[in-house]
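To start, the structure under review is shown below, and the notes come after it.
The values are calculated or read from the model by the stated rules, or taken from the named source; none is laboratory data. Bear in mind the structure is a predicted one, so any value in this text is a computation, not a measurement. Neighbour counts are summed over all protein chains in view; Cβ atoms, including those assigned to glycine, are modelled from backbone coordinates with ideal geometry.
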Amino acid sequence: MPKWRNPEIAAMAAWLASLAPPPGMPDPPWSERRVGMDAMGATAPVPDGVTLTPLTLGGVPAERITPAGADPTRTIFYLHGGGYCLGGMDSHRTMVVKMALAAGATAFNVDYRLAPEHPFPAAVEDAVAAWRALLAMGRDPARTVIAGDSAGGGLAVACSVAARDARLPMPAGLHLISPWANMQNAGQAYLAKVDTDFLNSQKLVDDFRAAYLGRGDPKTPLASPVFANLAGLPPILIQVGSEEVLMSDSIQLAEAAGLARVDVTVRIWPDMVHIWPFFAQLSAGAPAIAESSAWIRERVG
């Protein structure tokens, strides 16, 4: 086992290890895993002064998160992570609320359809439908950032590519946290961080891919946006931990964006694990959100 320099990471690794099923046990069904992820995300009550409003965007369930005093024209369009199989408004509400508060923005937390019941390209279709509806509501794309974590980070890029191809307006920027952007599930970090990434094993990401993509080509651009034409996309901020296998995806995506002449910034956070701002017990989440919210404010004014 690795020796963590960060005691909070060490404690979280031990806690998750204590929850793991005994070796040889079958994997729990997706429905059971979804309950667990939703519970993990619901770690804190919604602060006073934050209003939650259920709505649909292009037929896709969503919620509007409105902090008191937020700039009414500043928008975050958020796509949650969970390997396209887990997660939703419940799992990610706490983190998106923190982002909206820090950025002084209204956030829209989008609950796209999940695999394996709704495989690729259902998530992309829902994200684009919701983006189209957000624009029809009158939200200014020049004052909007599309954000997402893990699978939601890859989906944020895929949504933008599909929206560009449909001649829809682009957002002011893309904020990606630990994006899953290459369904080949391979890269230097997959080898170097196999012992430190206790959140994303090779088996887990391969299971997610099988559920979402089936026998489809892992180089399909809207599933693996590192293979998409990224020309014309807005500036991108990528935050990724040094101890996760998806660091490879972040670096590959940044290179693909750079080759397409897209403004891209990659911040590799030392000692951090996959989507660390999601976990309330990790104090490094707050400065990461402060960093991204400053970038969002710079992009949207």
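Would you pick out the residues in region 247-265 that are within 15 Å of the chain's Cα centre (by Cα) and under 25 Å from N6 (Cβ atoms)?
Scanning region 247-265 gives M247, D249, S250.
Does region 99-122 include one or more residues that are in contact with a helix residue (DSSP H, G or I) (Cβ under 8 Å, 6 or more places away or on another chain), over 28 Å from P47 (Cα atoms) and crowded, with 21+ Cβ neighbours inside 10 Å?
Checked region 99-122: at least one residue is in contact with a helix residue (DSSP H, G or I) (Cβ under 8 Å, 6 or more places away or on another chain), over 28 Å from P47 (Cα atoms) and crowded, with 21+ Cβ neighbours inside 10 Å.
Which ones in region 263-272 are within 20 Å of R299 (Cα to Cα) and surrounded by 18 or more Cβ atoms within 10 Å (Cβ to Cβ)?
Within region 263-272, V264, V266 meet the criteria.
Within region 272-280, is there a residue that is over 26 Å from H92 (Cα atoms) and in contact with a helix residue (DSSP H, G or I) (Cβ under 7 Å, 6 or more places away or on another chain)?
Among the residues of region 272-280, not one is over 26 Å from H92 (Cα atoms) and in contact with a helix residue (DSSP H, G or I) (Cβ under 7 Å, 6 or more places away or on another chain), which makes the answer no.
Would you mention how many residues in region 48-81 are among the hydrophobic types (A, V, I, L, M, F, W, C), closer than 14 Å to M95 by Cα and in contact with a Gly (Cβ under 6 Å, 6 or more places away or on another chain)?
The number of residues fulfilling the criteria is 1.
Given (1) in contact with a Cys (Cβ under 6 Å, 6 or more places away or on another chain); (2) buried (at least 23 other Cβ atoms within 10 Å of the Cβ), where does E243 come up short, assuming only one miss?
Looking at each condition in turn, E243 falls short on (1).
Just to check your reading of the model, which residue among P235, P225 is more than 22 Å from R5 (Cβ to Cβ), surrounded by 16 or more Cβ atoms within 10 Å (Cβ to Cβ) and under 15 Å from the mean Cα position of the chain (by Cα)?
Checking each option against the conditions leaves just P225.
Restricting the first residue to region 3-17 and requiring it to be closer than 12 Å to D197 by Cα and among the hydrophobic types (A, V, I, L, M, F, W, C), which pairs with a second residue that is at pLDDT below 90 and crowded, with 17+ Cβ neighbours inside 10 Å meet a Cβ separation below 8 Å and a spacing of at least six or different chains?
As it stands, the answer is A10/W4; A13/W4, since those pairs meet every condition given.
Of all residues in region 163-200, count the ones that are under 16 Å from V124 (Cβ atoms), buried (at least 21 other Cβ atoms within 10 Å of the Cβ) and aliphatic (A, V, I, L, M).
So the count comes out to 5.
Determine, yes or no, whether P54 is touching an Asp or Glu at 6+ places or on another chain (Cβ under 7 Å), exposed (fewer than 13 other Cβ atoms within 10 Å of the Cβ), under 30 Å from A136 (Cβ atoms) and at pLDDT 95 or above. Give the steps one after another, and end with the answer.
Values: touching an Asp or Glu at 6+ places or on another chain (Cβ under 7 Å): yes; exposed (fewer than 13 other Cβ atoms within 10 Å of the Cβ): yes; under 30 Å from A136 (Cβ atoms): yes; at pLDDT 95 or above: yes.
Here the answer is yes, as P54 does meet what is asked.
Output yes when any residue across region 189-200 is modelled with pLDDT of 95 or more, in a helix (DSSP H, G or I) and under 24 Å from E298 (Cβ atoms), and no when none is.
no
Looking at I251, is it under 27 Å from D206 (Cα atoms), at pLDDT 95 or above and among the aliphatic types (A, V, I, L, M)?
Here the answer is yes, as I251 does meet what is asked.
Cβ-Cβ below 7 Å, separation at least six or inter-chain, first residue in region 220-242 and modelled with pLDDT under 95 and in a loop (DSSP other than H, G, I, E, B), second surrounded by fewer than 19 Cβ atoms within 10 Å (Cβ to Cβ) and of a type in the set (G, A, S): which pairs?
From residues that are modelled with pLDDT under 95 and in a loop (DSSP other than H, G, I, E, B), there are no pairs.
Which of the numbered conditions does A17 fail, given that it passes all the others? Conditions: (1) in a helix (DSSP H, G or I); (2) surrounded by 14 or more Cβ atoms within 10 Å (Cβ to Cβ).
The number of the failed condition is (2).
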